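No lab work stands behind these numbers, since they all come straight from the coordinates. This is a predicted model, so every value here is computed, not measured. Cβ placement follows ideal geometry from the backbone for every residue including glycine, while neighbour counts extend to all protein chains displayed.
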Amino acid sequence: MTLDITIEDSRWQDAGLEALAEEAIAIVLRHFGLESGMCEISLLACDDPRIADLNAEFREKPAPTNVLSWPAEELAAEEDGGTPLPPEADFTGEIPLGDIAISYDTCAREAAEAGKALADHTRHLIIHGLLHLLGYDHIRDGDAALMEGIEVLLLGKLGIANPYMSEDAP
């Protein structure tokens, strides 16, 4: 896999982002049977001010968020809950998937508020972002259920508890 990481916030370096990203991305690509050596992904590791600027520019939401994704191509299914199209190789034989940005400030705050390890929440957000690159979304109910189910399955393989399960749930 070609993983191009740009670290703008050194706290990500201290958190071991590269290893976390490689682990999270590898499990997603394996799950979908994608040849990791053919896939290209860019990851921007930034802070809240930077991701707020990106969120304002691309989503017209001038506030920080945890993760943003820009797919190389639109793969989403037309029907709610449908499986997205598989990505295809370009003329070079590589599969460009797209770009992900992740904010240290929001990720660390969310992890602390939920009582989760930063590493676990980081891997979850990278998996979430990569699923967006692969055409998954959570706007429609069926799509959300499908995406969350895949996230829970993959996180479970990493030994990470279901992030959508409330501790108060029966």
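Structure summary
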quantity	calculated
Choice from H132, H124, H31 with maximal GNM fluctuation in the chain (Cα, 10 Å cutoff)	H31
Under Karplus coefficients 6.51, -1.76 and 1.60, residue-wise ³J(HN,Hα) of segment 28-35 in Hz, glycine/proline x	5, 4, 4, 4, 8, x, 8, 5
Built amide H within the under 5 Å cut-off of C39, gap 5+	T2, I95
L130, L34 arranged by Cβ crowding within 10 Å, fewest neighbours leading	L34, L130
Relative contact order (percent, whole number), segment 2-157, Cα cutoff 8 Å, 6+ residue spacing	28
Extent along principal axes [Cα atoms of segment 30-98; Å; largest to smallest]	36, 30, 23
Residue with peak Gaussian network fluctuation, the chain [Cα springs, cutoff 10 Å], from P84, P62, P71	P62
³J(HN,Hα), Karplus 6.51/-1.76/1.60, whole Hz, each residue of segment 16-26, x for Gly, Pro	x, 4, 4, 5, 4, 5, 4, 5, 5, 5, 4
Estimated [θ] at 222 nm from DSSP helical runs (n ≥ 4, -39500 (n - 2.57)) normalised by residues in the chain, nearest 500	-14000 deg cm²/dmol
In sequence order, calculated HN-Hα J values of segment 45-58 (Karplus, 6.51, -1.76, 1.60; Hz; x Gly/Pro)	9, 10, 10, 4, x, 5, 6, 5, 4, 5, 5, 5, 5, 9
Range of Cα positions in segment 17-170 per principal axis (Å), largest first	46, 38, 32
Amide H contacts under 5 Å for L44, placed H, 5+ residues apart	T6, I100, A101, I102
